């Protein structure tokens, strides 16, 4: 990676951006620094990063941050209060539950969905893609045919059908979304694998007697990670939206869980008079998925300068 | 995102196929295996996952003799491969079983509701292309400017917003508060029984029959869901247009055109955009396919009597035949549009032919 010549500035920066790093440590730090600089040039990406950090923070400290109980409301005095009511900043729903508290606790569900889908789908895609790219031949042909079939499916409709068969619930929704989201990862991992499949370092490892299993696991997979991470980040918004859509249709998280999509569905009945019950969770979904999109965009530009701005 | 995948596939296919015959064969194999795969997946969902598919179809409250009858009808006592064979044979003849909810054959139901979805998706795509292409061109030409940033954020919001939520809010604003558009549905009740559709595309049908009041009414109903879906496709189309245009504007023929002294407008709209148009057609086709899917949630909000509403209604009533039939149809149309756009790309772009 070539570093553009910089005018002399404080020592540390020069050291980081040096053309001839004297240690591996320096080279690594320098690389990370260059990527960070490219990333942080993009203000929108920083906004995205901020949103995601905020989401993590809120989810981690939901118990402390939420002013009220998210599932048990005050039916006597606090039904359908408008936003701005004292003690209930975003208003309350039809069961007297504080919407802000529900949103805060709902962030945990959102995070859980994203993390679990990524943890299930990304490794599947990585394994299918690298194996198929490295092995080639009929293994490649079969695996890619299967991938293409899943790619040809409209995601939401397949997820709907799956949840219909498995039964509603947040675990099944996660499973359904994971099943529909691995194929693009397999495609990316395969494309990456093909680019260095015949390169010298792979031949060297092979000469040293490494098994195909070891080559794929130790030498191919790590190199596919960065593009995979970018793609997964970019997909997170889609995952959130699909999960919310399933929740909205009553197929995702079940009451009284404060899932954002399901909250919109329950607010739908009185949208004309008490708009905030349905509106607030939507804002939460919009902000979080926008955050992931901005972050993913910025990551792609920073990690892959070839595609920057495209 | 789907575009990258498809172009990658196109490239892969291109490098391998030398003769046209081989290409046609490969194409047919792709169609057949993809379709079989689609059926295999729905078969798996409908027959293998549920512990008792018969119960899944009729519901747990059905009396025992009904369950037994459905079991026999489904051939559940046969081995799985035979079941799959019959399943494929039925699907090929358009037999997806009977809907429990409407008691009609599923295929008949789908044929009735499908035009509504197509009409909505068409309006959405037209909207998306009409606004998305100019916005994308603008963003590419003024790269890095405020306009570029705004287009980018507008696009990203389109990718990030839950469409059902936006639908609900816009209904509150444009229907309940402002009264600019009509209430959810396709037509006012007044017209529902007096108007006889021909093709099922109400906008088109009313125009042909010269019923202007019906046309206006249908327009007032479709404009909001159409614009919403259109926003969704606008996000995708404007983004891809920008990227294609950036690519074209770097080419040497642009420099040549500038050297000849052509006006900037002419260069952008006639030279660059014309070359970007070929991949754009693929993008528009793909976004059309995406809208057929995106309509599932939109139709639910706007009570639009299309395939999406049919699928979700059947879901709520555990009507598995209808759900899977709908899934197969949406999947098939999806596959068909993908392949068509692939073919179209190869026909329109001379560079893909010579190799």
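The values are calculated or read from the model by the stated rules, or taken from the named source; none is laboratory data. Treat the numbers as computed from the prediction; the structure is a model and nothing was measured. Glycine also receives a Cβ, built like all others from the backbone with ideal geometry; neighbour counts cover every protein chain displayed.
Some points to look at:
- Annotation note: of A:257, A:225, A:303, A:272, the sole residue that is more than 11 Å from every other protein chain (Cβ to nearest Cβ), surrounded by fewer than 21 Cβ atoms within 10 Å (Cβ to Cβ) and closer than 21 Å to residue A:79 by Cβ is A:257.
- The residue list A:52, A:142 contains one member that is more than 16 Å from the chain's Cα centre (by Cα), within 14 Å of chain B (Cβ to nearest Cβ) and surrounded by fewer than 21 Cβ atoms within 10 Å (Cβ to Cβ), which is A:142.
- Within the set A:100, A:65, A:75, the sole residue that is farther than 23 Å from residue A:177 by Cα and in contact with a strand residue (DSSP E or B) (Cβ under 8 Å, 6 or more places away or on another chain) turns out to be A:100.
- The condition of being surrounded by 16 or more Cβ atoms within 10 Å (Cβ to Cβ), in contact (Cβ under 8 Å) with a residue 12 or more places away in the chain, under 26 Å from residue B:334 (Cα atoms) and within 31 Å of the chain's Cα centre (by Cα) holds for only one of B:39, B:74, that being B:39.
- Qualifying residue in the range B:8-19 (condition: more than 10 Å from chain A (Cβ to nearest Cβ), assigned to a helix (DSSP H, G or I) and modelled with pLDDT of 80 or more): no
- Hits in the range B:300-339 (condition: assigned to a helix (DSSP H, G or I), modelled with pLDDT under 85 and more than 10 Å from chain A (Cβ to nearest Cβ)): B:321
- Checking each residue in the range A:228-254 for being surrounded by fewer than 24 Cβ atoms within 10 Å (Cβ to Cβ), over 30 Å from residue A:195 (Cβ atoms) and more than 10 Å from chain B (Cβ to nearest Cβ) picks out only A:254.
- Checked against (1) touching a helix residue (DSSP H, G or I) at 6+ places or on another chain (Cβ under 9 Å); (2) within 30 Å of residue A:225 (Cα to Cα); (3) without any contact (Cβ under 8 Å) to a residue 24 or more places away in the chain, residue A:88 passes all but condition (2).
- In the range B:95-174, counting only helices (runs of 4 or more DSSP H) that sit wholly within it, the ones holding 1 or more residues that are away from chain A (no Cβ under 14 Å) and surrounded by fewer than 23 Cβ atoms within 10 Å (Cβ to Cβ) span B:106-141, B:146-160.
- With respect to the stated conditions, residue A:166 is within 12 Å of chain B (Cβ to nearest Cβ) and touching a helix residue (DSSP H, G or I) at 6+ places or on another chain (Cβ under 6 Å).
- Count of residues meeting criterion [within 14 Å of another protein chain (Cβ to nearest Cβ) and free of Cβ contacts under 8 Å to residues at least 60 places away in the same chain] in the range A:9-49: 2
- Candidates in the range A:169-191 are the residues that are surrounded by 21 or more Cβ atoms within 10 Å (Cβ to Cβ) and within 7 Å of another protein chain (Cβ to nearest Cβ); of these, the one that is farthest from the chain's Cα centre (by Cα) is A:187.
- Against the numbered list (1) under 26 Å from residue B:333 (Cα atoms); (2) part of a loop (DSSP other than H, G, I, E, B); (3) over 25 Å from the mean Cα position of the chain (by Cα), residue B:83 comes up short only at (2).
- Scanning the range A:120-139 for residues that are surrounded by fewer than 18 Cβ atoms within 10 Å (Cβ to Cβ) and either closer than 25 Å to residue B:294 by Cβ or at the interface with another protein chain (Cβ under 7 Å from one of its Cβ atoms) (or both) yields a count of 1.
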